[in-house]
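A.B. asks: Take a look at the following structure, please.
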Amino acid sequence: MTQPAVFGEGQPARTTQTSRTLNQHLRTALALAASGVPVLPLREGKVPFGNCRACTRGACGGRPHMKSAGACRCPAPCHAWAAATTNHRVLNSPAWAAAWREAGAVGYHPGGCGLTVVDLDNAPAVAWARDTLPATRTVLTTRGQHWIYLGTMQSANGVRSGVDIKSCMVYARWLGRGIGTMAALPLAVRALVVKEEATRRRAGVASSLPERVTWNRAVAHGCRHTESYIRTGLERGLAMVGAHTESGAGSQAFGVARFLAAQHTQCPGPCGLDVIGQQIVDAAVVVGVPEPYAQRAVTNGLNTGKEQAA
């Protein structure tokens, strides 16, 4: 998975449009779109433009790429994040012209370009991130910072004090490219949403997530690999599972489990593969895979990996 070009070092992609005739926000949007980042205009106050009359209160059924697919083909920038696009013809169209003239900022859809934004709204939230999360590309905001990671996941607000997660089915405000090297989306960020969404365990609730477990040397004292090696491989695998927000997460979980299991066939054991497997299951559940299916896929993957490498 690679970051959009506009987040890389060097100058962002430039549009061939005549800049004299373009609104500043539209110029920014066109450059972002050319780099593969879906964009939309935002009104003053950092909010999207309201739906047109035909789309009011969901009367149109929504856009086809929203969670509940509809039949809307409205040319205007309706439906908030779902209107974000990389299509220059749409961005330059008459239907979008009025919105760009009145725009107060440019928004983008992080999940649409394979990214997750950890929105840190205040100094304590930034301090928590520095103590807890791996370093990544950071962008200054008016109140705090955006930490941007490679990989997508479910979005959620208020996962802890001053921290929102912006990835799938949301927009974020474009505030510049930021600084630093973009890292893979870590399990620590995914865990924030798992804790938010999981049903509290009680008798009779089979769908609730189990108490979270984390791999460490204590459960793998017979593993021949270093802790850094294990954590790096696991984080990459979890990011791959989490990137399948629409479909394929179960199959990806199987593949990740199979690959990781194959690395441990020469270890005297134990290696804590049950703990690794549960973390893969949790990552799949976060992106919508039913827990029983995720458990089955990961178990089969672990067993297949051991057999193929034997």
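Laboratory data are not the source of any read-out in this text; all were calculated from the coordinates shown. Everything numeric here is computed off the predicted structure, so don't read it as measured data. Please note: Cβ atoms are built from the backbone with ideal geometry, for glycine as well, and neighbour counts cover all protein chains shown.
A.B. asks: Give me, ordered by chain and number, the residues 5 or more places off GLY62 or on other chains with an amide H under 5 Å from its own placed amide H.
C.D. replies: For GLY62, whose amide H was placed from the backbone, the distant partners under 5 Å are ALA71, CYS72.
A.B. asks: Under a 5 Å amide H to amide H cut-off, with H placed in plane at 1.01 Å, what residues pair with LEU115 once short-range neighbours are removed?
C.D. replies: Placed amide hydrogens put GLY151 under 5 Å from LEU115.
A.B. asks: Moving on to the next point. Sum up the charges of everything whose Cβ sits under 13 Å from the Cβ of GLY269, counting Lys and Arg as +1 and Asp and Glu as -1, but leave GLY269 out.
C.D. replies: Overall, the nearby charge balance is +1.
A.B. asks: Hey, what do the phi angles of the stretch 145-160 turn into as Karplus ³J(HN,Hα) couplings, whole Hz, using 6.51/-1.76/1.60 and θ = phi - 60°, x for Gly and Pro?
C.D. replies: 8, 9, 9, 10, 10, 7, x, 10, 6, 5, 8, 6, 9, x, 5, 7
A.B. asks: Any chance you could run the full-extension gain for GLU227 through ILE179? It's 0.36 nm times the residue separation minus the Cα-Cα distance, nm to one decimal.
C.D. replies: Numbers: separation 48, 0.36 × 48 = 17.28 nm, distance 2.84 nm.
In short, 14.4 nm is gained.
A.B. asks: Across the stretch 274-284, in residue order, what do the Karplus-derived ³J(HN,Hα) couplings come to in whole Hz, using 6.51 cos²θ - 1.76 cosθ + 1.60 with θ = phi - 60° and x for Gly and Pro?
C.D. replies: 5, 6, 4, x, 5, 5, 5, 4, 4, 5, 5
A.B. asks: What net charge is computed for the residues neighbouring VAL39, neighbours being all others with C-beta under 12 Å from the C-beta of VAL39, Lys and Arg scored +1, Asp and Glu -1?
C.D. replies: Charge balance in the 12 Å sphere: +2.
A.B. asks: Please list, in chain and number order, the residues 5+ apart from MET182 or on another chain whose amide H is under 5 Å from its amide H, with Hs placed from the backbone.
C.D. replies: Residues meeting the amide H criterion: ARG137.
A.B. asks: Next question. In a shell of Cβ-Cβ distance under 10 Å around LEU238, excluding LEU238 itself, what net charge do Lys and Arg (+1) and Asp and Glu (-1) give?
C.D. replies: 0
A.B. asks: Residue by residue, what Karplus-based ³J(HN,Hα) values in Hz, rounded to whole numbers, does the stretch 23-32 have, using 6.51, -1.76 and 1.60 with θ = phi - 60° and x for Gly and Pro?
C.D. replies: 4, 4, 5, 5, 4, 4, 4, 5, 5, 5
A.B. asks: Stick to the Cα atoms of the stretch 121-186, pair each with every other, and give me the Kirkwood hydrodynamic radius in Å at one decimal. Let's see the in-between values first.
C.D. replies: On the way: mean 1/r = 0.0814 Å⁻¹.
Final number for the Kirkwood radius of the stretch 121-186 is 12.3 Å.
A.B. asks: Evaluate the distance, in nm, between pseudo-label points positioned 7 Å from the Cα of ALA5 and of ALA105 along their respective Cα→Cβ axes.
C.D. replies: In this crude spin-label approximation the distance works out to 2.7 nm.
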